[in-house]
1. For the range 104-178, what does the relative contact order come out to in percent, with C-alpha contacts under 8 Å and a separation of six or more?
2. Could you tally the net charge around LEU163, taking each other residue with its Cβ under 13 Å from the Cβ of LEU163, Lys/Arg +1 and Asp/Glu -1?
3. Calculate, axis by axis, the spread of Cα positions in the range 42-178 along the three principal axes, and write the results as whole Å, longest axis first.
4. Treating the beta-carbon of each Lys and Arg as +1 and of each Asp and Glu as -1, no other charges, what is the dipole magnitude of the range 91-178 about its Cα centre, to the nearest 20 debye?
Amino acid sequence: MSLRWSWSIRPRCSILRFGAGAVSALAVAAGGCLYGFAGGGLPNIKTVAILPFDNQTAEPALTKEVNDAVLEAFQRRLGLRLAGESNADAVVRGKVVRYDPDVPVAYQAGQQRTDVTQRQVQITIDVEILDQREGKTLWQRQGLSEVGNYAPPQEAAGRRVALDKLVNDLVDGAQSQW
């Protein structure tokens, strides 16, 4: 009888354990659904004007690329709407102060020559975010610099990586002050 008793109890215990685990998992999942993510901006900053970055480098395409990256990040990641400079709650202004597209970082020795197998783009900007309503600087950084590695001749890929890192730094810095 003890063998029969153990077989009849075991399935019920498994079902009870499974049921308790499922109920617990559902409770955790349902509780997690109550929490949501909102834009990372300030309650009093809803609109932003992003002024064209001055370009002090020999690379003319950087002005548009930096502006586009900053614009996209402020809209998508911070949830801010674009506005004209006179109507915006905040203004972003800056300048690209350095662009070095061809820094060798990895080499491969060959017969009678050395090949560069990886290069790096370095971009340095000065940036400032002003709260126009309060008349104060929200965040400012001089010499904010990032790099992006690339395999020659894909400089544009390295530039994109460096720009993504710069924008992340800018958004993270702005959020840390808000």
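Bear in mind these aren't lab numbers, they're just calculated from the coordinates by the rules spelled out. Just so it is clear, the model here is predicted, and its values are computed rather than measured. Cβ coordinates were reconstructed from backbone atoms using ideal geometry, including for glycine residues, and neighbour counts include every protein chain displayed.
1. Taking the mean separation of contacting Cα pairs over the length of the range 104-178, I get 27 percent.
2. Values: positive: LYS64, ARG159, ARG160, LYS165; negative: GLU59, GLU65, ASP68, GLU72, GLU146, GLU155, ASP164, ASP169.
Counting the neighbours of LEU163, the net charge comes to -4.
3. Here the spans come out as 64, 26, 22 Å, largest first.
4. Values: 11 positive and 12 negative charges, 24 e Å.
Dipole size: approximately 120 debye.
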